[in-house]
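Peer 1: Mind having a look at this structure? Questions to follow.
The values are calculated or read from the model by the stated rules, or taken from the named source; none is laboratory data. All values reported here derive from a predicted model rather than from experimental measurement. Cβ: placed from backbone, ideal geometry, glycine included. Neighbour counts: every protein chain shown.
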Amino acid sequence: MKAAVLKAFGSPLVVETVPDPVLGTGEVIIDVAATRVLAYADEVFSGKRNYLLDVPVIPGPGGVGRVRAVGPDATHLAVGDWVICDPTVRSRDDAQAPDILLQGWTAGNADGGLKLQKHFTHGSFAEQMRVPTENVTPIGDIDDSDAPLWCALGTLLVPYGGLAAAKLTAGETVLINGATGAFGSAGVAVALAMGASAVIATGRNEKALADLVRRFGDRVRTARMLGKEEDDRACIHEAAAGPIDCVLDLLPPAANASQVRTAALTVRPHGRVVLMGGLTGDGGIELPYTWLMRNGITLRGQFMYARDDARRMISLVRAGLIDLKEFQVTAFDLDKANDAVAHAAANAGPFKMTVLRP
């Protein structure tokens, strides 16, 4: 099969012929129809992000395709089924605290995560990929030309995982912190689809905030952040015009602790705060102990999403509550993988996707 291979960090992808993946028990082989190229892929491939990724490797986190072959323990999947492949691989020998791998992207840690990577090494920048059976979810019949659009599930599922962790219920008000990024803007769409009565969207880009209102209407209320905590919190409360039930932080690595704290401290007593962004460094966000304790605040971190969340997200799309056509897709052939990486970096933003079509 043909694949785009990262031979070494800092070198371009090499498109070449490699051996086809070999099926094992508990595994599925997928013919990859489309796969996202994330906006920061260039930073992963250059080594700037220091991801735990052994090279040489076929990169690519997840994708959309058709089942080519299934193992003997699969009872529902059939050859030819259209599916989404979840890159979040979990070790099977500890259900309570599994090691995690983002297949084709990064190990969760240097111990168990790298052990998983030695077997589920390669990702989706290839004509075929091998994935654990439980990481494959049928999406129903689609036209081949729509496969790139269905790659949006990979973006939508991240905020869905955070909102599900927050136990968002219909009629609540949710704040999406960092709503003008790719995952934050998707979070606005998902929160509305899940029945939020209002979504407070924060960000610095006034034009991007206005575009969220244009897309989704007056259930979206925007709060432009200018960098002063007290002033920004006052802006959020003014936009909300009432209690904020939960906060989902999706700020990128370039953000700082002050921006996270600004949003978190707006949640109502007995509200929930979920941290899911890319804030880096060893420093904390310095939330007041007394405030957390006396107000009964629930604070939790969330990495990716639960295994069965993909099925629920597909149901939201099939019900018309999520419109995949909100996403603007630019597709590249596998031979143009390096062009796709450059395009993704230069064209990041809300509801924009760069996709490879192996």
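Peer 1: Here is a check on your reading of the model: is Phe332 surrounded by 15 or more Cβ atoms within 10 Å (Cβ to Cβ), touching a helix residue (DSSP H, G or I) at 6+ places or on another chain (Cβ under 6 Å), at pLDDT 95 or above and over 15 Å from Ala186 (Cβ atoms)?
Peer 2: Spelling it out, Phe332 is indeed surrounded by 15 or more Cβ atoms within 10 Å (Cβ to Cβ), touching a helix residue (DSSP H, G or I) at 6+ places or on another chain (Cβ under 6 Å), at pLDDT 95 or above and over 15 Å from Ala186 (Cβ atoms).
Peer 1: For a quick check of your reading: which strands (runs of 3 or more DSSP E) sit entirely within the range 1-112 and have at least 3 residues that are surrounded by 15 or more Cβ atoms within 10 Å (Cβ to Cβ), in contact with a Lys or Arg (Cβ under 8 Å, 6 or more places away or on another chain) and touching a residue at least 24 places away in the same chain (Cβ under 8 Å)?
Peer 2: 27-36
Conditions tested, residue by residue: (1) in the same structural domain as Pro59 (by TED's automatic domain parsing); (2) among the small types (Gly, Ala, Ser); (3) more than 20 Å from the chain's Cα centre (by Cα); (4) at pLDDT 95 or above.
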residue: Pro132; (1), (2), (3), (4): yes, no, no, yes
residue: Asp141; (1), (2), (3), (4): yes, no, yes, yes
residue: Asp144; (1), (2), (3), (4): yes, no, yes, yes
residue: Gly161; (1), (2), (3), (4): no, yes, no, yes
residue: Leu175; (1), (2), (3), (4): no, no, no, yes
residue: Phe183; (1), (2), (3), (4): no, no, no, yes
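Peer 1: Scan the range 92-114 for residues that are modelled with pLDDT of 95 or more and within 17 Å of Gly24 (Cβ to Cβ) and report the count.
Peer 2: Residues that pass the stated criteria total 2.
Peer 1: Take Ala152 and tell me if it is closer than 21 Å to Asp31 by Cα, modelled with pLDDT of 95 or more, of a type in the set (Gly, Ala, Ser) and under 15 Å from the mean Cα position of the chain (by Cα).
Peer 2: When the stated conditions are applied, Ala152 passes them.
Peer 1: While we're looking at this one, here's another question. Would you point out the residue of the range 114-170, among those that are among the aromatic types (Phe, Trp, Tyr) and in contact (Cβ under 8 Å) with a residue 60 or more places away in the chain, that is farthest from Met313 (Cα to Cα)?
Peer 2: Residues of the range 114-170 that are among the aromatic types (Phe, Trp, Tyr), as a first pass: 120, 125, 150, 160.
Imposing the further condition that a residue be in contact (Cβ under 8 Å) with a residue 60 or more places away in the chain reduces the set to 125, 150, 160.
Numbers: Phe125: 24, Trp150: 11, Tyr160: 8 Å.
In this case the residue turns out to be Phe125.
Peer 1: Scan the range 326-345 and give yes if some residue there is under 14 Å from Leu153 (Cβ atoms), small (Gly, Ala, Ser) and under 19 Å from the mean Cα position of the chain (by Cα), otherwise no.
Peer 2: no
Peer 1: Among the listed residues Leu226, Leu212, which satisfies the condition of being more than 30 Å from Asn50 (Cβ to Cβ), buried (at least 21 other Cβ atoms within 10 Å of the Cβ), out of contact with any Gly (no Cβ under 6 Å at 6 or more places or on another chain) and not small (Gly, Ala, Ser)?
Peer 2: One residue alone meets the criteria, Leu212.
Peer 1: Here is a further query. Check Pro12, Pro72 and return the single one that is touching a helix residue (DSSP H, G or I) at 6+ places or on another chain (Cβ under 8 Å) and more than 22 Å from Ile314 (Cα to Cα).
Peer 2: Within the list Pro12, Pro72, the selection yields Pro12.
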